[in-house]
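Following: one structure in structure tokens, then a few remarks.
What follows draws every value from the coordinates through simple rules; no lab data is involved. If you're wondering where the values come from, they're calculated on a predicted model, not measured in any experiment. Note that we place each Cβ from the backbone using ideal geometry, even for glycine, and neighbour counts take in every protein chain shown.
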Amino acid sequence: MTNKNTIQPRILAIDAGGTMTDTILVNEEGQFVVGKAQSNPEDESIAFINSLRDGLNYWNLTLEDAVPALASSIYSGTAMLNRLLERKGRKLGLIVTAGFEDYLRMERGIQTYLGYSYSDRLHLVTHRHNEPLVPRERIFGVRGRIDLFGSEQIPLYENEVREAVHKLIDMNVEGICVNLLHSYVNPEHEKRVKNIAQEIIRQRGADTLLFISSELYPVSQDFARLNTVLVEAYAADPSRDQFKRINRKMRELGANHELRVMASHGGTISTEAKELARTLVSGPIGGVVGAQYLAKELGFENVVCTDIGGTSFDLALITGGQFTIKTQPDIARFMLKLPLIEIDSVGAGTGSFVRLTPSSKRIEIGPDSAGYRIGVSNPVSGLSTVTINDCNVVLGYLNPDNFLGGDVKLDKERAYNAIKEQIADPLGLDVYEAAEGIISLFEDHLRNEVISRVLGKGYAPENYRLISYGGGGPVHVAGYTAGLNFEDILVPSWAAGFSAYGCACADYEYRSDKTVQAQIANLEDNITPFAETINSAWRELKDRVIEEFAKSGVKPDQVEFRHLLRVQYVGQLNDVEILFPGDEIKTAGDVQIIIDRFEEAYAKMYSRSARSPELGYLVTTAIITGVTESEKPKLPTEPLGPATPDTKYQETRLVYYKGNWEQANVYQMDHLRPGNTVYGFTIIESPNTTFVVPKGYKAYLDAHRIFHLSPE
Amino acid sequence: MREYDLETLRQLKRGELPFEKVHEMQSSHKDRDRFLKMLAIAQESVPWNDRILLPYAEHLYVVEKPDKSRVVKCDCGYEFGDVKQNWKLSALVYVRDTKEKINEIYPDKMGCDPDWMHIREYICPGCGVLLETEAVPPGYPIVFDFQPDIDTFYEKWLNQPLSK
Ligand SMILES: [Zn+2]
């Protein structure tokens, strides 16, 4: 990379994985470099500084020079998720409504097979219960009952609360979680438990933490709420110390901003935020946020986001400039209740294993994969099963000497022999024929996923642009979009780092949800109770958001608030999220707006004829989002050069395509200039990705260094 | 095709593999020679030398005696006789046919009604291990669980016919 020491870095995105910590630095011109260092889970700030230093080397900058110039730093990482998966979280106690003490052992049936392949879902022998985050002996039931309308049916047995808290403190728990039935409607009992617990903790001089469900996640569905509170206390909250260390290091180096964390709703939040569990998964979210930002900057609204990594193919839709949010995601085999960008993940990536079924000799791709180990062609991988990467190497699409910028040397012959022995010979095929067959099967599979997601939502490819990123996206994009008439197909030249780039594009945004269950049949009804239920929820949520921003010194007048609702027909199960254009429901006209917006969204998502206004409407959830200004990367803009690339950089190699050997032009991505158009068969290589432009296609590089792929 | 080494399969048999590994094995196709490997593991785990032809049930095997006869044998060494005979006829049996006996293993009213169902427990006379349990109506004939066609299996499935 080039020396840009006159240009200061402005945005820093940290991606702390289990093995490597990446830092992505973006400068004022939108250019970026990636630093890498070995992860250090004990003290993440060490890995972070090493990685940052590595990145700054590319620009010949020192930490002391660069850090004070930064305007924002965004963290995403896998530490919380690993803590959860490895069951290495806090020692917790749990207080629930009496009768529900076996919640975690019984769980919900669905949790015994979450994340399984279809065939495993059918094979009950593979189903298994999760190890509870809190063992049964540290779960106490207390009597008392609030009904679903929020009225007290049985008063809280406070003596049982006292007894439970004392016992839990005797057991030396680090934290106590409290999750009582219907506390989202009426939190009085939980508040009482909190007061009693605080009193006892004080008396006994303990430092036990308290996690109260109605304070953290005031939402319906007590089991999912319980899971969410537990995950918060068990795995997410313990990361605060790491964040403090990173923040402290940054301050020492002269930073004048605080670290923010990428959250599942697509915004970034402070490390002091109440609901940290929603930062548990941030990996695939970055790309969708980045695509949304790109769409906004480039002035279009509908985008299909496609990301191919080593293990999976991730797909998300942006429609009208907005991604969709689902409110009951599952993460690490837990049903949770928090907002997560809707991303469909298919277990098919470039590292996916390829095998023949022993009985029918059918080619099977995945669902398991070699991931970062690439494939048999990687001599140090220790792998013996063919992967998609191996096929790409044999067919000439991937350059064995320039994979990951030459850091990993791939052995074409190893791949050839493995494909021959495992696939081609048993099928009586030529090796190249077999490899190409596998790739086209793989791409067909992805194409089916793309088209079914778009059509399934009631849209057509003609209305969408498709963005392809991730290390493997650009290799296969022509294949998995073939025959689908997308308005445009975009491949950012920074495709491999697009997810991290996306994190840097995220708004500084809080989102707060509360279950409300407000019903209205029509406008002849008295709208006051309906309006008041929602308005008071919005007021409460707005206060929460203000409170969260206040932790970072952001004042309410610096925040743009949006009022949203999730609405469904009474008796149906799927709610739809809509934006309310005001900040309060005052008149019947406001109610009409809600109904109209819901009907419109519903008709789009399902079908016009499925609309059922006669059922009446139910608002399930009130939502407030608050956004404040934060610096985002500029799109790089370079002057347009000639239409033809400089041939002095052009190399050639043979590739196998549609049953023939073709002479392909090969370019290094850095050597192509904005304005250049290349025609297939062309291969464009960069250290972290390869862009394949097959025969019959062309790719134009625009001023923002984004390729546009189209049939010739 | 996955291949698992003998040690992994030994651990599988002993229940020592982590669930993720077991799940991976459950979900993928079996190694071509899994049967022979499991047979080898069974053979090394028993204290006697008769050749095991087939794992038959928990603790039980069909073995080939030096005279080529095939008998059902417990891992303790107790022999139940010819594989074509129901081994249960040579086992000890404990029949739970009263409320008291049923309540020894079930909480009250959670077990069966002895007028409608008995629980028969078959026990090895050699080592006393519980080999099989039947839940059947009173008077029901002893169930013959499994009559394997060993010759066809070896010949057509394993492609290794047994010499007779
Ligand atoms: Zn025995």
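What the table shows:
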{"quantity": "Stretch gain in nm, segment B:Y94-B:V143, where the contour uses 0.36 nm per residue and the Cα spacing is subtracted", "calculated": "16.2 nm"}
{"quantity": "Which listed pairs, of A:K658/B:K30; A:K88/B:K30; A:K88/A:K274; A:K420/B:K13; A:K194/A:K551; A:K337/A:K457, have C-alpha distances above 27 Å, in listed order", "calculated": "A:K658/B:K30; A:K88/B:K30; A:K420/B:K13"}
{"quantity": "Isotropically averaged projected area of segment B:37-89, using the convex hull of Cα atoms (one quarter of hull area), nm²", "calculated": "3.4 nm²"}
{"quantity": "Two-site FRET efficiency, A:A460 against A:I7, from Cβ-Cβ distance with R₀ of 51 Å, rounded to 0.05", "calculated": "0.75"}
{"quantity": "Point-to-point label distance, A:V380-A:T587, nm (Cα→Cβ direction, 7 Å offset)", "calculated": "7.1 nm"}
{"quantity": "Cα gyration tensor shape for segment A:352-441, rounded if a/c is under 1.5, else prolate or oblate", "calculated": "prolate"}
{"quantity": "Point-charge dipole on Cβ atoms (K/R +1, D/E -1) for segment A:156-310, about Cα centre, debye to 20", "calculated": "420 debye"}
{"quantity": "The protein assembly as shown - charge dipole about Cα centre, Lys and Arg +1 at Cβ, Asp and Glu -1, debye rounded to 20", "calculated": "740 debye"}
{"quantity": "Cut-off 9 Å between beta-carbons: net charge of the residues surrounding A:L340, Lys and Arg +1, Asp and Glu -1", "calculated": "+1"}
{"quantity": "Protection proxy ranking, peptides B:92-100, A:587-595, A:363-371, average beta carbon neighbours within 10 Å, highest first", "calculated": "A:363-371, A:587-595, B:92-100"}
{"quantity": "Computed label-point distance, nm, for sites B:E44 and A:K36 using a 7 Å Cα→Cβ extension", "calculated": "4.0 nm"}
{"quantity": "Residue order, fewest to most surrounding Cβ atoms within 10 angstrom, among A:K420, B:K101", "calculated": "B:K101, A:K420"}
{"quantity": "Unit charges at the beta carbon, dipole of the protein assembly as shown: most positive-side option, A:A277, B:I102, A:L12", "calculated": "B:I102"}
{"quantity": "Segment A:647-711 - Rg and Dmax from Cα coordinates, angstrom", "calculated": "11.4, 36"}
{"quantity": "Aspartates and glutamates with Cα under 14 Å of A:K191, excluding same-chain neighbours fewer than 8 positions away", "calculated": "A:E152, A:E158, A:E199, A:E215"}
{"quantity": "Local electrostatic count at A:S39 - Lys and Arg +1, Asp and Glu -1, tallied over other residues with Cβ under 12 Å", "calculated": "-4"}
{"quantity": "Mean shadow area of the protein assembly as shown over all directions, Cα convex hull, nm²", "calculated": "45.0 nm²"}
{"quantity": "Within chain A, percent of DSSP bridges classed antiparallel, to nearest 5", "calculated": "75 percent"}
{"quantity": "Magnitude of the charge dipole, segment A:352-441, Cβ model with Lys/Arg +1 and Asp/Glu -1, debye to 20", "calculated": "180 debye"}
{"quantity": "Leading residue at positive end of dipole, the protein assembly as shown (Cβ point charges), from A:S612, A:Y569, A:H189", "calculated": "A:H189"}
{"quantity": "Hits among lysines - C-alpha to C-alpha of A:K36 under 21 Å, sequence gap 8 or more where chains match", "calculated": "A:K4, A:K249, A:K409"}
{"quantity": "Cross-link reach list, lysines versus B:K84, counting only Cα pairs under 17 Å and skipping chain neighbours closer than eight places", "calculated": "B:K65, B:K68, B:K73, B:K164"}
{"quantity": "Residue among A:G406, A:N417, A:Y679 farthest towards the positive dipole end of chain A, charges placed on Cβ", "calculated": "A:N417"}
{"quantity": "C-alpha center-to-center spacing [segment A:211-278, segment A:130-151] in angstrom", "calculated": "24 Å"}
{"quantity": "Modelled label reach - A:Q519, point 7 Å along Cα→Cβ, segment A:121-151 residues with backbone N closer than 18 Å", "calculated": "A:147-151"}
{"quantity": "Value at 222 nm in deg cm²/dmol, rounded to 500, when DSSP H runs of n ≥ 4 in chain B each add -39,500 (n - 2.57)", "calculated": "-6000 deg cm²/dmol"}
{"quantity": "Karplus-derived HN-Hα couplings along segment A:523-531 (A = 6.51, B = -1.76, C = 1.60, θ = phi - 60°), whole Hz, x at Gly and Pro", "calculated": "6, 6, 4, 6, 7, 4, x, 4, 4"}
{"quantity": "Chain A, helix-only ellipticity at 222 nm - DSSP H runs n ≥ 4, -39,500 (n - 2.57), divided by all residues, nearest 500", "calculated": "-9000 deg cm²/dmol"}
{"quantity": "In order through segment A:505-511: 3J(HN,Hα) via Karplus (6.51 cos²θ - 1.76 cosθ + 1.60), integer Hz, x for Gly, Pro", "calculated": "8, 6, 5, 7, 9, 9, 9"}
{"quantity": "Packing rank of A:262-269, A:155-162, A:108-115, B:109-116, where each peptide gets the mean count of other beta carbons within 10 Å, highest leading", "calculated": "A:262-269, A:155-162, A:108-115, B:109-116"}
